[in-house]
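Here's the structure, in structure tokens; my notes come after.
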Amino acid sequence: TQASAGGKYTTFRVMAQEAVSNVCSQLGVPYSKTKTIAKLRQKSSVIPFKRETMTNGILKKILNYEMPKCLEDLVYRRIGINSKEQWDQLYPNTDFEKFFVENLNIINLYFPLDKNDVFNYFESQKTN
């Protein structure tokens, strides 16, 4: 079992490298530090704090290239939205529930989601 706790943002990569090196050693698999220091292959589809209209095209790009596995992964990790208030501030002309419900057919090609999940999303995040 490997665990990382604490540390500053700049040390997380080093902590992860040590954990991966240990796991590779335990599995008898060669470890290459050059693979863990490689840059990300692509930029995020959504630029943090950049105000732009959320569109079906952006949603499709996120789903296709960033491959989120659930609504939380899509909204919190890929789009970077922490609350309904933040969504309303960044996308004032796009209703959260309406946008995602209207795009359920597209989203369901990547992971299962129904309209109740969308309507209850921010409420469920408060309890986690």
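The values are calculated or read from the model by the stated rules, or taken from the named source; none is laboratory data. Model, not experiment: these values are computed from the prediction. Cβ coordinates were reconstructed from backbone atoms using ideal geometry, including for glycine residues, and neighbour counts include every protein chain displayed. Only protein heavy atoms, including side chains, enter the accessible area calculation; ligands, DNA and RNA are left aside. Shrake-Rupley method; radii C 1.70, N 1.55, O 1.52, S 1.80 Å.
Of note:
- Residues located in segment 52-88, provided they are touching a helix residue (DSSP H, G or I) at 6+ places or on another chain (Cβ under 6 Å) and not in a helix (DSSP H, G or I): Pro68, Ile81
The rows are residues; the columns are (1) farther than 24 Å from Leu74 by Cα; (2) at pLDDT below 70; (3) over 18 Å from the mean Cα position of the chain (by Cα); (4) surrounded by 11 or more Cβ atoms within 10 Å (Cβ to Cβ).
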residue	(1), (2), (3), (4)
Asn22	yes, no, yes, yes
Leu27	yes, no, yes, no
Tyr31	yes, no, yes, yes
Ile47	no, yes, no, no
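- Within segment 89-102, tally of residues that are hydrophobic (A, V, I, L, M, F, W, C), closer than 17 Å to Val46 by Cβ and either at pLDDT 95 or above or not in a helix (DSSP H, G or I) (or both): 3
- Residue in segment 111-121 that is touching a helix residue (DSSP H, G or I) at 6+ places or on another chain (Cβ under 9 Å), surrounded by 18 or more Cβ atoms within 10 Å (Cβ to Cβ) and modelled with pLDDT under 90 present: no
- Asn105 passes every criterion in (1) assigned to a helix (DSSP H, G or I); (2) open to solvent by less than 100 Å² (accessible area, probe 1.4 Å); (3) not acidic (Asp, Glu) apart from (2).
- Cβ-Cβ under 7 Å pairs, at least 6 apart or on other chains, segment 88-108 side within 19 Å of Tyr76 (Cβ to Cβ) and of a type in the set (S, T, N, Q), far side open to solvent by 70 Å² or more (accessible area, probe 1.4 Å) and in a helix (DSSP H, G or I): Asn103/Asn56
- Subset of segment 73-90 that is within 13 Å of Leu59 (Cα to Cα) and among the aliphatic types (A, V, I, L, M) - its residue that is surrounded by the fewest Cβ atoms within 10 Å (Cβ to Cβ): Val75
- Note on segment 108-125: residues that are part of a helix (DSSP H, G or I) and acidic (Asp, Glu) total 2.
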